[in-house]
Amino acid sequence: MKARLHPAVPHPLRGYFYIGSAALLWGISATLGRAAFTGHLLLGFSLGASLKKIDPLILSQSRATLALAVLLPVLLARRGASALRVPGRDLVRFFLLGILGVAASNYLYYLAIQRTNVATAIILQYTAPVWVLLYTAVRAAQRPSLRRSAAVGLAVAGCALAVGFVGSGGFRMDAIGVTAALLAALSFAFYNVGGHSVLARYDRWKVLLWVLVATSIFWIFVNPPWKIVTAHYGRAQWEFMLVFSLLSVLGPFSCYFAGLQHLEPTRAIVASCLEPVFSIVIAAFVLGELLRPMQTVGIVLVLVAIVLIQLPERMARGEELVVEPIE
């Protein structure tokens, strides 16, 4: 079966809307996840009274698996099994994106948090725009202009300030944790570059389906089903995990993949830096966490970076979207 080709006509504003929507949903899910981990008050209600704390590993695993359980029957009903098949060569690519990209970045991120702290894990993971910029420069896919490089630098600096990297917890050294966070950044960069290429030939729902299949298989090996059974979660926990899977995987990844169809990887990954910004702002309003002045500065820097990296698009609207094949 031949891959369906998509016209290479960019819609930058639409792409930013999709990426921003994904970042917003990830920000909401981050607040929900924090509440589930800690039993913190959420909208005035204590989760501890009705919802037992959920293990972060199981929450990470269930969000991909439950998202697949929702998406698969819908696509089968609307398109049929034959329309969801892909050639073996492309199937390998989807599995690489799912395992080395989505699953690995998620797993390594949580490992980094466990071994260091949230600020260290986030700021190292959000060095991903730097790796994407370097990759596109080495492959000669894009010229690393001063404006583009400045936007990437501002986005990374803004994330560092937004998550409280300066003046609070600071950088916590741990060899395994720091390595895990840097590998998470590389995984994040990998599925931005690889996903952009694949999405030039397949619609986002088929890509998302096979990425979720790969991710779910990965999690089965990391955390076998019998370990989940021994956690003895009740109906409330499973209902929460179902909602969490829709808000943290199915919704945002469908938006993010849609954004990658309209934006090249560097612009998309810089725009994704809105995720920690939304997380901080939502936590301030919903969980009552204090928004410090330096965090506000960081949020402004991220917004400036997104505007800055968009400027070349406005100057060259007729320019076609460059799609580079996966090797």
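The values are calculated or read from the model by the stated rules, or taken from the named source; none is laboratory data. Model, not experiment: these values are computed from the prediction. Note that we place each Cβ from the backbone using ideal geometry, even for glycine, and neighbour counts take in every protein chain shown. What goes into the accessible areas is simple: the full protein's heavy atoms, side chains included, and nothing from ligands, DNA or RNA. Shrake-Rupley method; radii C 1.70, N 1.55, O 1.52, S 1.80 Å.
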Complete set of residues in the stretch 287-308 that are open to solvent by less than 50 Å² (accessible area, probe 1.4 Å) and at pLDDT below 80: Leu287, Gln295
Leading residue by the ranking (modelled with the lowest pLDDT) among those in the stretch 309-323 that are within 21 Å of the chain's Cα centre (by Cα) and buried (at least 18 other Cβ atoms within 10 Å of the Cβ): Gln310
Hits in the stretch 198-220 (condition: closer than 15 Å to Val92 by Cα and of a type in the set (Phe, Trp, Tyr)): Tyr202, Trp210, Phe218
Test for Phe253: is it crowded, with 23+ Cβ neighbours inside 10 Å, modelled with pLDDT of 90 or more and touching a Lys or Arg at 6+ places or on another chain (Cβ under 8 Å): no
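Residues are listed down the side, and each one gets a yes or a no for (1) at positive phi; (2) modelled with pLDDT of 85 or more; (3) surrounded by fewer than 21 Cβ atoms within 10 Å (Cβ to Cβ); (4) not aromatic (Phe, Trp, Tyr):
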residue	(1), (2), (3), (4)
Pro7	no, no, yes, yes
Gly15	no, yes, no, yes
Gly20	no, yes, yes, yes
Ser29	no, no, no, yes
Phe37	no, no, yes, no
His40	no, no, yes, yes
Ile54	no, no, no, yes
Ser62	no, yes, no, yes
Val86	no, yes, yes, yes
Scope the stretch 108-131; condition among the hydroxyl-bearing types (Ser, Thr, Tyr) and out of contact with any Ser or Thr (no Cβ under 7 Å at 6 or more places or on another chain); matching residues: Tyr109, Thr116, Thr120, Tyr126, Thr127
Within the stretch 48-139, helices (runs of 4 or more DSSP H) holding 2 or more residues that are closer than 24 Å to Phe218 by Cβ and out of contact with any helix residue (DSSP H, G or I) (no Cβ under 8 Å at 6 or more places or on another chain): 56-79, 88-96
